[in-house]
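The next block holds one structure in the form of structure tokens; read it before the comments.
Values in this text are rule-based calculations from the coordinates and carry no lab data. Model, not experiment: these values are computed from the prediction. Don't worry about glycine lacking a Cβ; one is built from the backbone with ideal geometry, like all the others, and counts go over all protein chains shown.
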Amino acid sequence: MTDYLVEMRGIHIEGRTDETWMPIIKGVDLTLKRGEVMGLIGESGAGKSTLGLAAMGFCRDGVRISGGSVKFDGIDLLAASAEKKRQLLGKRIAYVAQSAAASFNPAHQLIDQHTEAPVQHGVMSRTESEADAVRLYEKLRLPRPKEIGFRYPHQVSGGQLQRAMTAMAMSCRPDLIIFDEPTTALDVTTQIEVLAAIREIVDEFDTAAIYITHDLAVVAQMADRVKVLLKGDEVEENETREMLSNPQQDYTKSLWAVREFKRPAKPAPATDATPVVSVQGVTAAYGKVDVLHDVSFDIHQGRTVAVVGESGSGKSTTARVITGLLPPRLGQIELDGEALPLDYRKRSKDQLRQVQMIYQMADTALNPRKTIGEIIGRPVEFYGGLKGRAKRDRVAELLEEIELPAKQYLDRLPSELSGGQKQRIGIARALAAEPKFIICDEVTSALDQLVAEGILRLLARLQDNLKLSYMFITHDLATVRSIADEVVVMKDGEVVEQGPKPEMFQPPHHPYTDLLLSSVPEMDPDWLTNLLHERGVENIGDAAMQKMD
Amino acid sequence: MHPVLKIILQRLALGLVTLFVVSIVIFTAVNMLPGDFAQAILGQGATPEAVDAIRRDLGLDQPPVTRYLQWLSGALQGDLGNSFAQANFASFVGADSGVRTTVAQQIAPRFENTMFLAGVTAAIAVPFAVTLGILAALYRNSVFDKAANIGTLTSISSPEFFVAYILILFLAVLNPMLPSLSNIYEGMPFSERLEKTLLPALTLTLVVTAHMMRMTRAAILNLMASPYIEMARLKGVKPIRVIVRHALPNALAPIINVVALNLAYLITGVVVVEVVFVYPGIGQLFVDSVKIRDIPVVQACCLIFAAAYILLNLTADILSIVSNPRLRHPK
Amino acid sequence: MSAWLWIVALLAGSLAVGWLGRFAAQKATGNKPVYRDMPLAVAFGYALGVALLALAVWYYFQPTVQETGVANAGVMFFRWAVHGFFGFAVAAWLFRLLGRSLGTAASRKLFRQMPLTAAFGILVIIIYAVTAIFAGLLAPHGQAEVFAQANIVPGGNPALGGNPDFPLGTDQIGRDILSRLIYGAQNTVGIAFATTLIAFFLGGSLGFLAATLRGWMDQLLSRAVDVLMAIPSLIFSLLLITVASAWVSGFGLTVAMVLIIAVIDSTRVFRLARAVGMNIVVMDYIEAAKLRGEGLPYLIFKEILPNATAPLLAEFGLRFCFVFLTISALSFLGLGIQPPLADWGTMVKDLSAFINYAGFAPLAASVPLLAAGAIALLTVAVNFVVDWMLQRSSGLKE
């Protein structure tokens, strides 16, 4: 007799690729007591979601549990009939998916989907369940709880949908909820409200939960215990506080250490120095709608300016204006004190050479049909005029620069490289033009933390050696902390605040900067509690934004 | 105005404009005929009066724009001009010879026949194909799915006349169950008419079903892979309810689209099949008229085919707009 | 009516057997999950499948000659079909085995992953290509050569009215059918191939241009294509061929048909090329190349085209099938490839009357079906290969 709610022993899971079964999970144990929250953490491909679904006795298409046992409250889920499992799902075990927008059926109102499980499982009548839904919506602080249920999913915002989905999971008061990266797709300020709502409701009903995420800081707020996975194997498991303060395994330590990479502060540039790039009073529009309003900032030699903001703030549009892809309606761009033609087609070859770009998605930034040698060789030839042997040597030199051995990589295709390696090729291509200024558009956000840290270190080293200037577009404030010299905060196409990094991370701030900075989860397990306390419970997220306006 | 209504009106207007431009294209094409065309139709022995008569009939003595406007206004009133045909077509029973028949007179009964054939085909093919498509999607990668894949690919690849002759061989010649000639006439009892239409309808069914089934399967597979279906299953909803309540409302738009697109495809198929079975429909009339260069009939048939094609595509468009919850319930 | 009764009985029987079978399997295996969770519909499906298979085997072993002495043509046709099916399956299997052990490492790997259907498709395409290219050497007689004896029965048995010189007999004006079938490969396939090439060149180049340049040029071309696509292609080509037939005849008309179909079909190619081009144009690597200052030719030929080859190749296969079927349909209607060129569509039309004699002369009836089957076989083959290519490329994306 065990007192575990969930008991998974020796779980092996395989996935099918090209008619062969490859292992995804290689013998992992997982136990969970009633009312306990377990954080599952790992990089992409670690098998977190697969393991989470397996706790429900569920496998996606093309995936199978090949060994081990899953017991839920003493019931063997792998041996149970489909019908028996169906009666448990939704009623005693619930699931909250990563993308609420895709996981709500677009054809039905929220309330119809909310009441489906209780009615179908015979837990409540439709009327009872509707009334209960309103109570849950209130608890989760959804606006207008009485009416919001009668909306269709596309009529509700992402953060609210995610809370509605948590309410739906709660509809039968399950013993266990699996949260599968519920806040990954959300902006930081929205993430806070969802995290707070989830934690509160899980506490209140004493529900056990498995919380899957790749974000250490998030898991620190949510979980009682943390399990770290790496490529289908368990690395270690411990109490959250213990794990954070005293990780045992090298891999866990390196994960924790990522957060500690910080560049020493540079001396401020001379006041009379000409900035490498100067954005002056730029107003730009897509069609007739202005998306940038009077944006100005300077970037000096050898310095990194981080442009920060949430999605839709106009960060990437600013980059398009600087590169000349989107000629602004008003304002101008100066390079070394000289105005650049607004349209890239009108710029000279040398002007184009000076401004290079590194993209977020290395997959779409490299032509999949060209070898690495061709990709890096083209700008060498195009700008430098090098051919044959000289070109080959230069490419090899560039590959050494980005820490990839030339011999092995010259003739490979991008598809044969890992995500981090692809991003390095993107950097080498930009370097090949020998530019003064490089725009880095969310270059680390598609990468796992360890890999991202490597890229950041590489960029920092290159900057020191080559005196490069960077404009670093990101939504991740941890990245800003580690690499930026100056920070520009943007919101709705306007610069809200700008200044040197040390100042920007010290109060007082513009209220938006404050909200943004304080919303970034920290590794401290008490951070969320303290923050909520500071802001006042009703003053999180939406409410804070409204107050500010 | 409700946004859906606005979009629908826009589509309708677009459809009308397309039809208008298509009519210009058809008219222009016909006007690329050489100048002595009237002579060519009637042959060397024609009297100058007869040639003149045809010229006037075609309106060759007037400028093209005037001719087009006359033709268009006539067409709008149901007057598609006079047929050149001096004699009856071998397959056409009932009309008297010697007298000039109008295009409308020729087309009307045949149009009805073709609609009957298309209707019978649709009645068999649509439920059959949609059911098979859904089954193939639900039991993906099973033996049934693989067999269906090979079967439909083969059916799509076969020319209509191959399918037709195979059916004739087995259902009419070797096992005389159904007639291989569809000599339909007016006032025929319904059951007999249905019997004679069955073989051409089966041929078309086989051809259309394959396309329709593959597209239905693809649409459903796409749908079943969506997160909200997984969510429904993870809520412990019964399998049948997952399909009826969660998949079907969203599958409606793609399925309607598939059905309409394939009914439009029938238009091309009908020509060959009617010729094989000597079915007195508009397709056969079209081919016969092409052979004897009965220009007014060819022109009119072309316009009707194009109109039907545009109309079906338009219907598909509008129905999928109406069945989209995002458009029906705007923010 | 009894046929319907049989069908209903078969379905009901399958349902009963399916239910019983599942029940028995549950009992026998101690409620194994496979049988326990099997829906009745699936059990029914298995039962029905087995019943149909048994029926087919039973029919296959029926005597080919009835007790009355008359040939049982249905059984004969069925046996031919079964032999053809298994013959091709074995040939494709051997072909794939050959491909796995010969050639470069890359080609061997390709054959290892190849499903049987695709191997069958490639084999058939090779056979057709060889036949088409060497038709002059393979055919015993000329395609337009007229012999004294018309309507010789196929089979080559003089006792039954055949002639060993003409194994498939002669047609209604005394041309050797076997030779015409072989030349048909050259004419029908060759003309369809040429038409597809023209359509691709036209639609492909315009499509990529529209995708890269955008603006008014794209608008103009796209609207024109919209209008042309609003007229069903077979109908539109028939209309234009009518017009063309007033200007030219014979071989000239065949050329006109090729051009007409090529233009009409190029609209479909345009759509695809434009869509594929648009998908590639929005990629960051194109933006990077633009910002580098690259010119239009470099963009199209070095950056876009190499990435468009896979979908374009698949589309080429599908387009070829479509063009091939359209030309065959036109020829069947008497408005396609003009005599004296031998062509399968025309042959089906000319010989179709023989099908009605299938009851007592199955061989004669099989000739028009052979020509129609030749069309179907090639399109099936191309479709199988394209299907495989599409699955491969979609699998690579994941």
Within-12-Å neighbourhood charge of C:Ala210 [Cβ basis; K, R +1; D, E -1]: +3
Which order do A:Tyr383, A:Tyr344 fall in if you start with the one that has the fewest other Cβ atoms within 10 Å? A:Tyr383, A:Tyr344
Just checking the output field for A:412-424: average partner chain Cβ neighbours within 10 Å of each residue's Cβ? 0
Rounded, prolate or oblate, given the Cα gyration tensor of segment C:3-60, with a/c below 1.5 counting as rounded? prolate
List residues of segment C:222-250, by number, whose backbone nitrogen lies under 15 Å from a label position 7 Å along Cα→C-beta of B:Leu311. C:232
Round to the nearest 0.05 the FRET efficiency obtained for B:Arg241 and A:Glu147 when R0 = 25 Å and r is the Cβ-Cβ distance. 0.40
Under a point-charge model restricted to the Cβ atoms of Lys and Arg (+1) and Asp and Glu (-1), what is the dipole moment magnitude of chain B relative to its Cα centre, in debye to the nearest 20? 2040 debye
Check the straight Cα-Cα distances from A:Lys146 and name the aspartates and glutamates below 16 Å, setting aside those fewer than 8 residues away within the same chain. A:Asp112, A:Glu128, A:Glu130, A:Asp132, A:Glu138
C-alpha center-to-center spacing [segment A:266-342, segment C:204-219] in angstrom: 32 Å
Could you list A:Thr304, A:Thr127 in order of exposure, starting from the residue whose Cβ has the fewest other Cβ atoms within 10 Å? A:Thr127, A:Thr304
Sorting C:Pro311, C:Val385, C:Ile286 by the position of each Cα along the dipole of chain C (Lys, Arg +1; Asp, Glu -1; all at Cβ), the one nearest the positive end of that ordering is C:Ile286
Rounded to the nearest 10 degrees, what's the angle between the helix A:188-204 long axis and the longest principal axis of chain A, both from Cα atoms, 0 to 90? 20 degrees
Taking amide H atoms as placed 1.01 Å from N in the peptide plane, list the residues 5 or more away in sequence, or in a different chain, whose amide H sits under 5 Å from that of A:Met124. A:Val119
Provide a whole-number value for the mean count of partner chain Cβ atoms within 10 Å of the Cβ atoms in peptide A:382-389. 1
Students often forget the sequence filter, so: which lysines lie under 26 Å Cα-Cα from A:Lys48 once same-chain residues fewer than 8 apart are removed? A:Lys26, A:Lys33, A:Lys71, A:Lys84, A:Lys85, A:Lys91, A:Lys227, A:Lys231, A:Lys253, A:Lys422, B:Lys235, C:Lys397
Across B:18-29, the residue-averaged tally of Cβ atoms belonging to other chains within 10 Å stands at 3
How far is helix B:64-76 tilted, in degrees, relative to the longest principal axis of the Cα atoms in chain B, given as a value from 0 to 90 rounded to the nearest 10? 60 degrees
Need one number: nm distance between label points at A:Glu403 and C:Phe193, each 7 Å from Cα along Cα→Cβ, rounded to one decimal. 5.4 nm
Enumerate the calculated ³J(HN,Hα) couplings along segment B:187-202 in order (Karplus 6.51 cos²θ - 1.76 cosθ + 1.60, θ = phi - 60°), each rounded to whole Hz, writing x wherever the residue is Gly or Pro. x, 6, x, 4, 5, 5, 5, 5, 4, 6, 8, 4, 5, x, 5, 5
Scoring only Lys, Arg, Asp and Glu (+1, +1, -1, -1) among other residues with Cβ under 14 Å from the Cβ of A:Met357 yields +4
Name the residues whose placed amide hydrogens come within less than 5 Å of the amide hydrogen of A:Ile358, ignoring near sequence neighbours (fewer than 5 apart) on the same chain. A:Ile439, A:Cys440, A:Asp441
What percent of all Cα-Cα pairs in the protein assembly as shown falls into each 20 Å bin, going from 0 up to the bin containing the maximum distance? 9, 31, 34, 21, 5, 0
Which ordering of A:Asp298, A:Asp73 is given by a fewest-first count of other beta-carbon atoms within 10 Å? A:Asp73, A:Asp298
Counting Lys and Arg as +1 and Asp and Glu as -1, each charge on the Cβ, what is the dipole of segment A:243-340 about the Cα centre in debye, to the nearest 20? 380 debye
Within segment A:260-288, find all residues whose amide N lies under 20 Å from a label point positioned 7 Å from the Cα of A:Arg345 along Cα-to-beta-carbon. A:284-288
Are there trypsin sites (Lys or Arg not before Pro) in segment A:312-412 that DSSP marks as loop and that have at most 16 other Cβ atoms within 10 Å, and which are they? A:Arg329, A:Lys387, A:Arg412
Along the charge dipole of the protein assembly as shown, pointing to its positive end and built from +1/-1 on Cβ of Lys, Arg, Asp and Glu, which listed residue (B:Ser142, C:Pro63, B:Gly269) has its Cα farthest out? C:Pro63
Span-rule helices in chain C, defined as complete DSSP H runs reaching 20 Å or more along the axis (Cα) with Kyte mean at least -0.5: C:2-28, C:40-60, C:73-101, C:116-133, C:190-213, C:215-229, C:251-281, C:305-332, C:362-397
Please identify, among C:Pro297, C:Pro140, C:Pro339, the residue showing maximal mean-square fluctuation in a Gaussian network model of chain C using a 10 angstrom Cα cutoff. C:Pro297
Around B:Glu274 (Cβ within 12 Å, Cβ-to-Cβ, excluding B:Glu274; K/R +1, D/E -1) the net charge comes to -1
May I ask which residue of A:Pro379, B:Thr203, C:Phe236 lies farthest towards the positive end of the charge dipole of the protein assembly as shown, with charges of +1 (Lys, Arg) and -1 (Asp, Glu) on Cβ and the Cα centre as origin? B:Thr203
Phi angles of segment B:262-275, converted by Karplus (6.51 cos²θ - 1.76 cosθ + 1.60, θ = phi - 60°) into ³J(HN,Hα) in whole Hz with x for Gly and Pro, give 6, 5, 5, 5, 3, 4, 6, x, 4, 4, 5, 5, 4, 5
Would you mind checking the tilt of helix A:372-384 against the longest principal axis of the Cα atoms of chain A, expressed as 0 to 90 degrees and rounded to 10? 30 degrees
Return the FRET efficiency for the residue pair A:Asp73, C:Ala16: r is the Cβ-Cβ distance, R0 is 56 Å, and the value is rounded to the nearest 0.05. 0.90
Kirkwood hydrodynamic radius, chain A, all distinct C-alpha pairs: what's the number in Å? 25.7 Å
Treating only the Cβ atoms of Lys and Arg (+1) and Asp and Glu (-1) as charged, compute the dipole magnitude of the protein assembly as shown about its Cα centre; round to the nearest 20 debye. 1660 debye
